1. Test of understanding: in a Gaussian network model of the chain with alpha carbons linked when under 10 Å, which of T60, T89, T36 would top the mean-square fluctuation ranking?
2. Label N39 and T126 with points 7 Å out from Cα along Cα→Cβ: what is the distance between them in nm?
3. Less than 11 Å Cβ to Cβ from T36, Lys/Arg counted +1 and Asp/Glu -1: what total charge do the surrounding residues give?
4. Under a point-charge model restricted to the Cβ atoms of Lys and Arg (+1) and Asp and Glu (-1), what is the dipole moment magnitude of the chain relative to its Cα centre, in debye to the nearest 20?
5. Within the set of other residues whose C-beta is less than 9 Å from the C-beta of L100, count the net charge using Lys and Arg as +1 and Asp and Glu as -1.
6. Rounded to the nearest 0.05, what FRET efficiency do T89 and Q10 have when you use their Cβ-Cβ distance and R0 = 35 Å?
7. Rounded to a whole number of µm²/s, how large is the Stokes-Einstein D of the chain at 37 °C and 0.692 mPa s, given Rh as the Kirkwood radius over C-alpha pairs?
8. Sorted by accessible area (1.4 Å probe), largest first, how do R109, R11 line up?
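The values are calculated or read from the model by the stated rules, or taken from the named source; none is laboratory data. The model shown is predicted, which means the values in this text are computed figures rather than measured ones. Quick reminder, even Gly has a Cβ in these numbers, built from the backbone with ideal geometry, and neighbours come from all protein chains shown. Just so you know, the surface numbers come from the protein's heavy atoms only, side chains and all, with ligands and any DNA or RNA stripped out. Shrake-Rupley method; radii C 1.70, N 1.55, O 1.52, S 1.80 Å.
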Amino acid sequence: MDEIYCALPQRQPNDNAKICPLIDAMDPAQPIVEATNGNNAADKNWKLLYWANDAPIATTGSYDCLNDVSDKVLDMVSAKIYPIPAVKTLTIESEEQIELLQLFDATGRMVISKTRLSGKTSLDVTHLKNGLYILKLCTRQGTKEYKVMKNEWIAS
């Protein structure tokens, strides 16, 4: 979750941007989200809220985006992922065959898994809830994770 907060784009204070990783206080993922550092989202003008009632979520973590080096690791997997945020489909373009594609929601639950895909493929994301996801691509060259967002309320 902390890496997702760090990947959020900067918003303006009046954008009323929000991220809702939990349905309500009884959500089973509550302890996971509480252990994150919601200030990383707030620093980019995102509100961390419960989906059911827009109440703020308190967090206790100390993860610091400035010390995150995971995106700086050199690897051989290269892909274009668009559009971000996705509304109905997410397109993935890779120079080589994708051996394994997995999409995980903010709680770490796998929501899509596909194998042996061509260099260009599209995923139907209409059934997914709005939010942030981790896209994991595995090719013969290695594995790389991408942060993606689904938001069906984007103005056309």
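1. Highest fluctuation among the options: T60.
2. Once both label points are built, they end up 4.3 nm from each other.
3. -3
4. For the chain, the charge dipole is close to 440 debye.
5. So the surrounding residues net to +2.
6. 0.85
7. 199 µm²/s
8. Correct descending sequence by accessible area is R109, R11.
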